[in-house]
Amino acid sequence: MEGMIHSIETFGTVDGPGIRYVVFVKGCPMRCKYCHNPDTWEMAGGEKKTADEILTDYDSYRPFLKGGGLTVTGGEPLLQIDFLLELFTKAKAKDIHTCLDTSGICFKRSNPELLAKYDKLMEVTDLVMLDIKHIDPEGHKDLTGQPCDDIFDFLRYLDEKGKDIRIRHVVVPGITLDPVLLDRLGYFLGEFHHVKQLEVLPYHTMGKTKYEKMGIDYVLADVPDASQTDAAEAKQKIVEGMKRRRREMGE
């Protein structure tokens with residue numbers, strides 16, 4: 001089976017633990033206003049690669065990937081779940097740590113056939129990095145063009161499976177960098193026992209040049225970058241909300 005690949009990074013340091021071999025796939029149903037990879041949105045224009053081809057290439061870098069492993073990101077990897085399942089199954093057979101970086105937008109608990117594939121995928125996935133874009137349903141749809149119901153249900157599913165979860169959240173001035181929303185996000189996350197790590201990222205405009213080259217309007221052009229201090233303070237606010245929820249749960 002072939003996957004549609006955008007690019008591969010052989011020395012990733014921000015996409016999971018250790019040094020990672022990072023596969024960027026093509027295709028994404030989200031249209032996040034701050035997305036810095038708009039060139040991954042469409043499935044067309046990528047390079048077809050098999051799982052075996054990727055893992056053969058991985059092996060050539062393996063001596064440098066100690067403490068790391070394989071991460072698949074995008075785009076949205078779960079658009080190509082059959083390919084992802086084959087890749088991760090073969091990776092685990094080679095004792096490779098597997099990490100899935102996803103928005104969770106493709107999850108549908110109501111689809112038994114699809115859910116069975118998710119069950120199998122979770123058996124060969126060591127870590128899930130889940131991007132929570134916005135805690136408010138209307139805000140989420142405005143920011144990403146998609147509803148958040150299935151994403152939040154995916155988080156519940158991961159927690160039910162006992163899967164290690166790392167939450168990622170981008171704080172955007174005037175959109176998600178808001179104390180009320182951050183507290184609300186933390187309170188929501190506090191109910192999940194398998195959220196092992198929280199990563200809060202400051203919004204930046206480094207992807208703006210891609211939009212210009214692709215002839216796409218960058219709708220956040222007037223929004224200033226968030227600072228590392230903004231992100232640190234936002235993380236503290238989220239953590240406070242998580243702790244309050246857990247106290248209420250008697251934990």
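The values are calculated or read from the model by the stated rules, or taken from the named source; none is laboratory data. No experiment lies behind these values; they were computed from the predicted model shown. Note: ideal-geometry Cβ built from the backbone for every residue, glycine included; neighbour counts use all protein chains shown.
Could you list all residues from the range 16-27 that are under 27 Å from Leu220 (Cα atoms), of a type outside the set (Gly, Ala, Ser) and surrounded by fewer than 23 Cβ atoms within 10 Å (Cβ to Cβ)? The answer is Phe24, and nothing else.
Just one of the listed residues (Lys66, Lys49, Lys90) is assigned to a strand (DSSP E or B) and either among the charged types (D, E, K, R) or touching a residue at least 24 places away in the same chain (Cβ under 8 Å) (or both), and it is Lys49.
With respect to the stated conditions, Thr125 is assigned to a loop (DSSP other than H, G, I, E, B), in contact (Cβ under 8 Å) with a residue 24 or more places away in the chain, of a type in the set (Val, Ile, Thr) and touching a Cys at 6+ places or on another chain (Cβ under 9 Å). Pairing residues of the range 18-46 that are on the phi > 0 side of the Ramachandran plot with residues that are at pLDDT below 95 and basic (Lys, Arg), at Cβ distances under 8 Å and at least 6 apart in sequence or on separate chains, gives Gly18/Lys66.
Note on the range 71-100: residues that are of a type outside the set (Gly, Ala, Ser), within 19 Å of Pro147 (Cα to Cα) and touching a strand residue (DSSP E or B) at 6+ places or on another chain (Cβ under 7 Å) total 3.
The listed residues are Asp101, Asp131, and the only one of them that is in contact (Cβ under 8 Å) with a residue 24 or more places away in the chain, touching a helix residue (DSSP H, G or I) at 6+ places or on another chain (Cβ under 8 Å), closer than 18 Å to Leu158 by Cα and among the charged types (D, E, K, R) turns out to be Asp101. Of the residues contained in the range 128-151, one or more are found to be assigned to a helix (DSSP H, G or I), within 30 Å of Gly174 (Cβ to Cβ) and β-branched (Val, Ile, Thr). Answer yes or no: is there a residue in the range 106-121 that is polar (S, T, N, Q) and either under 16 Å from Asp15 (Cα atoms) or assigned to a helix (DSSP H, G or I) (or both). So far as the range 106-121 goes, no, none of its residues is polar (S, T, N, Q) and either under 16 Å from Asp15 (Cα atoms) or assigned to a helix (DSSP H, G or I) (or both).
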